[in-house]
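These notes are about the structure you will find just below.
Every number here is computed from the coordinates shown, using simple stated rules; none is lab data. All of these numbers come straight from a predicted model, not from anything done at the bench. We place every Cβ from the backbone using ideal geometry, glycine too, and count neighbours over all the protein chains shown.
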Amino acid sequence: MSNVLVIGDGPLAYEITETSKLNGHGVTPYFTNERGPDFSHPYINVEQIVSRSTDLILEAAKNKINYWYTHGSEYPKILTDIPILTLLYTESATHISNWLRNAPNVIGWAALPPFEKAKAVEIMPGLQTNQATLEAAQQFFTSLGKEPVIIKDCVGGVLPRVVASLINNAAYALMEGVASAADIDVAMKLGTNYPYGPLEWADKIGLDQVLGILEGLCEAYGEDRYRPAPNLRQLVYAGHWGERTGRGFYEYP
Amino acid sequence: MTIEHIKKIGVLGSGTMGAGIAQIAAQSGFDVLLYDINAEILQKAFGKISGFINRAAEKGKMTREEADIAIERIITTTHLPNMAGCDFIIEAVPEKLELKQSLYQELDTITSPEIILATNTSTLSVTQIASITKNPGRVVGMHFFNPVPLMKLVEVIGGAISDEAAIQTTVEMAKRLGKTPVVTKDVPGFIVNRVARPFYLEALRLLEEGVADHATIDRLIREGGGFNMGPFELMDLIGLDVNFAASVSVYEAYFHEPRYRPSLLQQRMVESGRLGRKTGRGWYEYDEGEDK
Ligand SMILES: NC(=O)c1ccc[n+]([C@@H]2O[C@H](COP(=O)([O-])OP(=O)(O)OC[C@H]3O[C@@H](n4cnc5c(N)ncnc54)[C@H](O)[C@@H]3O)[C@@H](O)[C@H]2O)c1
């Protein structure tokens, strides 16, 4: 049982808050963009929301720069002892730690909504991560009933990278008029046994989050293969971020 | 021709796919004329189909009488002109353009022009197959999945010059055969074989980069994402050679689109002869006794 500060800007952050509470943790949530684009507080000073009793910071944010970059130079003074678990959708753990003056208490993690159904969670120590932080991350996810699996630090991890690439590919097919969104999803569920169609899954993950993963991969690898489909980008601009905004690839009345 | 008028379905090719299609057509109440150039294969296919139907009856999935009627509905032939009596034709001969094209040209002279010719091609262009026939509007794609009796999906492909009515009738036909149709344009890989590429290709990239080993990647995809099988397990099941060939074909067909770039590591695996379950070893090892 520990006091967890959950910060983030997507469905995974809301879900992990609930899971943490259910498993007996004291949770302080701090969300932005809960119902879509929110321009009111672009930069968050985590120093002001963290408290003396905070044992662990679980960050599940796409716009990490809003949390860690601008105030980064100040953080290590107060936050060096608190493990910071950062969601590796857009940057690597090594990169985030670098923003925090190569702090050793930063470690990456990755998962996708629906988090409730996940049995395993990816954990990625950065080049600077120390043993205590790794152990804290393992303990935390174990306490949620998830098996922590250690992999190499990278943008997008395993599952988010594979699924975001499927979604991107499906979005291109949709844009090119190959088939309707519903037919693409049905085809992938019946033809290959996927748990969700790629486009309905995107609506659960959040289109903003999916775009973040693809942009992160583009940045990290500099390869055309990850360039986001223009229709995905258009939906994100319009605030159609999926289930939580009432509209994404589908509408949710 | 509208769906109500279709009583008899012609199936060309009695291999893996043709036999499955003939079976479900007979079970769905259609008369079936199953054609192959090879009489021996044709007889074997008939034996296999009646075996499946009989077993379904034994398991109580249909009555003995229904099974007998279904089997009686299937007639085999090695004489193509007999197709003249069919109201809808599904073609599942080997994946060779010239072969399919010459067959469709023969059908031009045998069948009346309102009969739909549906090709089960996986990788060829429906438009190209149709292009050399006298009535290209009646040629559509009807892509079943293997094994046909179990897989619910059918991709109905409208070629660039297919008639809208032919596409609609084929959609109805797929439903009559107990399938769930989706309509797609005539693009390489259609929906499934195109959209699924990154499932394998990104997993291979992650392995090449040393992010995790193949078993860990499979596990994270299954236990983290809820997939039934991980990409490496699935490659072993499909056959690494078959899966690699599909990636190469989609990559070539999209003029080297980087999203579809095949994996060098997979090519080496194919060259090594470790092709998956069928050779006893692929990404994983399989014991002799294990179910392949
Ligand atoms: N096997 C699959 O998983 C699968 C899935 C979807 C689509 N397909 C497509 O279905 C088609 C058939 O594939 P398959 O796996 O059933 O092949 P197959 O080799 O099992 O069967 C082909 C049959 O066609 C016969 N044949 C050869 N030449 C012929 C001719 N001129 N006229 C009539 N019959 C002839 C052969 O004797 C054989 O019985 C191909 O276009 C393939 O791409 C296959």
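Structure data summary
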{"quantity": "Test item: Cα-centred dipole of chain B, Lys/Arg +1 and Asp/Glu -1 on Cβ, debye", "calculated": "240"}
{"quantity": "Rotationally averaged projected area of chain A (alpha carbon convex hull; nm²)", "calculated": "13.1"}
{"quantity": "Computed over the protein assembly as shown, Cα set: Rg, Dmax in Å", "calculated": "26.9, 86"}
{"quantity": "Average beta-carbon neighbours from other chains, 10 Å sphere, peptide A:163-176", "calculated": "4"}
{"quantity": "Ordering of B:118-129, B:259-270 by packing [mean C-beta count within 10 Å, highest first]", "calculated": "B:118-129, B:259-270"}
{"quantity": "Nearest 10 degrees, 0 to 90: helix B:164-176 Cα axis against chain B principal axis", "calculated": "80"}
{"quantity": "Anisotropy class of the stretch A:3-150 from Cα gyration tensor, a/c 1.5 cut", "calculated": "rounded"}
{"quantity": "Viscosity 1.567 mPa s, temperature 4 °C, Stokes-Einstein D of the stretch A:159-245 from Kirkwood C-alpha radius, µm²/s", "calculated": "101"}
{"quantity": "More than 22 angstrom apart: percent of Cα pairs within the stretch B:203-292", "calculated": "29"}
{"quantity": "Residues A:Val158, B:Val139, B:Val183 arranged by fewest to most Cβ contacts within 10 Å", "calculated": "B:Val183, B:Val139, A:Val158"}
{"quantity": "GluC sites (Glu not before Pro), loop per DSSP, at most 15 other Cβ atoms within 10 Å - longest free stretch of chain A", "calculated": "A:35-175"}
{"quantity": "Within the stretch B:14-122, trypsin sites (Lys or Arg not before Pro) in DSSP loop having at most 15 other beta-carbon neighbours inside 10 Å", "calculated": "B:Lys59, B:Lys61, B:Lys96"}
{"quantity": "Ranking of A:Tyr14, A:Tyr252 by count of other Cβ atoms within 10 Å, fewest first", "calculated": "A:Tyr252, A:Tyr14"}
{"quantity": "With Cα atoms, 0 to 90° folded angle of helix B:240-253 axis to chain B main axis", "calculated": "80"}
{"quantity": "Neighbouring partner chain Cβ atoms per residue of B:217-223, average, 10 Å criterion", "calculated": "6"}
{"quantity": "Of B:Ala67, B:Ala22, B:Ala92, the one that fluctuates the most in a GNM where chain B has Cα springs shorter than 10 Å", "calculated": "B:Ala67"}
{"quantity": "Ordering of B:282-288, B:30-36 by packing [mean C-beta count within 10 Å, highest first]", "calculated": "B:30-36, B:282-288"}
{"quantity": "Cα gyration tensor shape of the stretch A:87-160, rounded if a/c is under 1.5, else prolate or oblate by comparing a/b with b/c", "calculated": "oblate"}
{"quantity": "Gyration tensor (Cα) of chain B, equivalent ellipsoid semi-axes in angstrom", "calculated": "35, 24, 17"}
{"quantity": "Given charges at beta-carbon only (K, R positive; D, E negative), |dipole| of the protein assembly as shown in Debye", "calculated": "240"}
{"quantity": "For A:Gly242, distant residues with modelled amide H under 5 Å away", "calculated": "A:Leu207, A:Arg247, A:Gly248"}
{"quantity": "In the stretch B:120-211, trypsin sites (Lys or Arg not before Pro) in a DSSP loop with at most 14 other beta-carbon atoms within 10 Å", "calculated": "B:Lys134, B:Lys152"}
{"quantity": "In degrees, nearest ten, helix B:97-110 long axis to first principal axis of chain B (Cα)", "calculated": "10"}
{"quantity": "Flagged links, alpha-carbon separation over 19 Å, of B:Lys8/B:Lys175; B:Lys44/B:Lys100; B:Lys7/B:Lys175; A:Lys152/A:Lys189", "calculated": "B:Lys44/B:Lys100; A:Lys152/A:Lys189"}
{"quantity": "Top of A:Ile184, A:Ile107, A:Ile57 by mean-square fluctuation, Gaussian network on chain A, Cα under 10 Å", "calculated": "A:Ile184"}
{"quantity": "Eligible aspartates and glutamates near B:Lys96 by straight Cα distance, threshold 20 Å, same-chain separation 8 or greater", "calculated": "B:Asp36, B:Glu106, B:Asp108, B:Glu155, B:Asp186, B:Asp241, B:Glu252"}
{"quantity": "Rounded to 5, percent antiparallel among DSSP beta bridges of the protein assembly as shown", "calculated": "20"}
{"quantity": "Descending principal axes extents, the stretch B:139-292, alpha-carbon based, whole Å", "calculated": "50, 38, 30"}
{"quantity": "Burial ordering of B:Thr169, A:Thr245, fewest other beta-carbon atoms within 10 Å first", "calculated": "A:Thr245, B:Thr169"}
{"quantity": "Shielding by other protein chains, A:106-113, mean Cβ within 10 Å", "calculated": "1"}
{"quantity": "Candidate lysines for bridging to B:Lys59, where Cα separation is under 21 Å - those fewer than 8 sequence places away on the same chain excluded", "calculated": "B:Lys48, B:Lys152"}
{"quantity": "Selected from A:Arg35, A:Arg161, A:Arg225 as most flexible by GNM, with chain A as the system and alpha-carbon contacts under 10 Å", "calculated": "A:Arg225"}
{"quantity": "Beta bridge orientation in chain B: antiparallel %, DSSP, nearest 5", "calculated": "20"}
